[in-house]
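A.B. asks: Got a structure for you, questions after.
Just so it is clear, none of the values below were taken in a lab; they were calculated from the coordinates. Computed from a predicted model, the values in this text were never measured in an experiment. When we count neighbours, we look across all protein chains shown, and the Cβ atoms used for this are built from the backbone with ideal geometry, even at glycine.
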Amino acid sequence: MPLRIPSFRAPRLRVKRQENRPNAAQRGYCDNAHKQWRMAVLVRDAYQCQSCGKICGGKRDAHADHILPISEGGARYDLENGQCLCAACHGRKTLRENREHPQQGQGTSTRSGQ
Ligand SMILES: [Zn+2]
């Protein structure tokens, strides 16, 4: 009779990467204009997450988010279209957006509102 060792390891949850998703540089997140926009958004919001209210502790935790995604016609460098989010809230928002608009990020069409 084989000995069964009762052990259970919870599987690590992994965010499924979108195939064909351009990298950060291809999406225009590495140029100076974006860096300036990002910094202006974070300073204006005093590094406070606009979703949960948490004060973001460091560079990696404070994310500048486009309120209306660029892929949906949101302005890329408009301060009014930016908000500070903590990494967790930004991740949740991005997942929600990807669920609602699975085509996003492929760069084939820009759905601008009419
Ligand atoms: Zn948050």
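A.B. asks: Check Q48: other-chain or 5+ apart residues with amide H under 5 Å from its amide H, H built from backbone geometry?
C.D. replies: Residues meeting the criterion, in which the H sits 1.01 Å from N, are C56.
A.B. asks: Could you give the size of the charge dipole of the stretch 32-100 about its Cα centre, using +1 on the Cβ of each K and R and -1 on the Cβ of each D and E, expressed in debye and rounded to the nearest 20? The partial results should precede the final answer.
C.D. replies: Numbers: 11 positive and 8 negative charges, 60 e Å.
The dipole of the stretch 32-100 has a size of about 280 debye.
A.B. asks: Would you order I70, I55 from fewest to most other beta-carbon atoms within 10 Å of each residue's own beta-carbon?
C.D. replies: Numbers: I70 17, I55 12.
Arranged by neighbour count, lowest to highest, I70, I55 become I55, I70.
A.B. asks: Also, quick follow-up: What list of ³J(HN,Hα) couplings, whole Hz, do you get for the stretch 78-87 from phi and the Karplus terms 6.51, -1.76, 1.60, once you set θ to phi - 60° and write x for glycine and proline?
C.D. replies: Whole-Hz 3J(HN,Hα) from phi for the stretch 78-87: 8, 4, 5, 9, x, 8, 7, 10, 6, 4.
A.B. asks: Could the peptides 33-44, 76-87, 91-102 be put in order, highest first, of the mean number of other beta-carbon atoms found within 10 Å of their residues?
C.D. replies: With the highest mean Cβ count within 10 Å placed first, the list reads 76-87, 33-44, 91-102.
A.B. asks: Something else now. Using modelled backbone amide H atoms (1.01 Å from N, in-plane), which distant-in-sequence or interchain residues come within less than 5 Å of G82's amide H?
C.D. replies: I67
A.B. asks: For the stretch 32-100, take the alpha-carbon Rg, divide it by the Kirkwood Rh, and send me Rg/Rh. Kindly include the intermediate steps, with their values, before the conclusion.
C.D. replies: On the way: Rg = 11.3 Å, Rh = 11.9 Å.
Using Cα coordinates only, the ratio equals 0.95.
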